[in-house]
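Participant: Below are the structure tokens for one structure; questions will follow.
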Amino acid sequence: RKEIEALVASGETERVEERAKALKAVQREQAGFIDRLRRSHPAYAAVRYPTPVYPAAAALAEGEVLVVFETTEEKTFRFVLEGAGRRLSVAEIPVSRRLLHALALKYRSFFQEVQSAGDLARIDPKVGHRLYSTLFGDALERLSAGATLIIVPDETLGILPFEALVRALPAKEELGEGPHGAFPLGVKYLGDDHP
């Protein structure tokens, strides 16, 4: 491909067709190799050469929603595929890998090294709400309560307790006291509406 690009850039178009044929031959050889690898070492091939699943072939039941995140250096992408209707929406989230990593680690830190129920009172729901707003925006607003989310995280998102992301904050911050210790009152979590 780089040779072809260089030939086109330099104006040597007579050799482009020759290199394009060579590229197709190499691609056929690679496809044959991957096919043999899928038969002989399926677990390795599934990781190294995953088979794409297209929206029409996704095995989602009615009421299931697939949410896939893809993180890049400069931005993050969110793909939402809704159940049997196969409605697909794609959104570009203007948040860099570095910022997303920092947000995820900060929210995750509230759940680490919890020794007692009282330790959970240190959770800052505003951080969970910022992360929810960043990742989901209003993408889930039109889903009915109870729709099952199947979330495929990317990179640092894999350590997030998605069910604990905060969908809505109360007008006034207050702590309540329950059998397991203090907790923020009026906070609505993602897991409250969607398993």
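The values are calculated or read from the model by the stated rules, or taken from the named source; none is laboratory data. Computed from a predicted structure; not experimentally measured. As a convention, Cβ positions derive from the backbone with ideal geometry for all residues, glycine included, and neighbour counts pool all protein chains shown. Heavy atoms of the whole protein, side chains included, go into the accessibility calculation; ligands, DNA and RNA do not. Shrake-Rupley method; radii C 1.70, N 1.55, O 1.52, S 1.80 Å.
Participant: For the stretch 6-18, indicate whether the set of residues that are in contact (Cβ under 8 Å) with a residue 12 or more places away in the chain and open to solvent by 100 Å² or more (accessible area, probe 1.4 Å) is non-empty.
Facilitator: Checked against the condition, which is being in contact (Cβ under 8 Å) with a residue 12 or more places away in the chain and open to solvent by 100 Å² or more (accessible area, probe 1.4 Å), the stretch 6-18 yields no hits at all.
Participant: Also, I was wondering about something else. Consider H101 carefully, then state whether it is farther than 17 Å from V65 by Cβ, open to solvent by 40 Å² or more (accessible area, probe 1.4 Å) and either in a strand (DSSP E or B) or touching a strand residue (DSSP E or B) at 6+ places or on another chain (Cβ under 8 Å) (or both).
Facilitator: When the stated conditions are applied, H101 does not pass them.
Participant: For the stretch 118-178, give me every one of the strands (runs of 3 or more DSSP E) that falls completely inside it and has 2 or more residues that are at pLDDT below 85 and open to solvent by less than 40 Å² (accessible area, probe 1.4 Å).
Facilitator: By residue number, 175-178.
Participant: Another question, then. Being more than 15 Å from P153 (Cα to Cα), aliphatic (A, V, I, L, M) and in a strand (DSSP E or B) is true for just one of L88, L81. Which residue is that?
Facilitator: L88
Participant: Condition (residue is aromatic (F, W, Y) and surrounded by fewer than 13 Cβ atoms within 10 Å (Cβ to Cβ)) applied to the stretch 26-38: is it met by at least one residue?
Facilitator: yes
Participant: Taking interchain pairs and intrachain pairs at least six residues apart, which have beta carbon atoms under 6 angstrom, with the first residue in the stretch 163-176 and touching a residue at least 24 places away in the same chain (Cβ under 8 Å) and of a type in the set (D, E, K, R) and the second surrounded by fewer than 14 Cβ atoms within 10 Å (Cβ to Cβ) and assigned to a strand (DSSP E or B)?
Facilitator: From the stretch 163-176, no pairs qualify.
Participant: Considering (1) at pLDDT below 90; (2) farther than 19 Å from L165 by Cα, say which one K75 fails and leave the rest.
Facilitator: (1)
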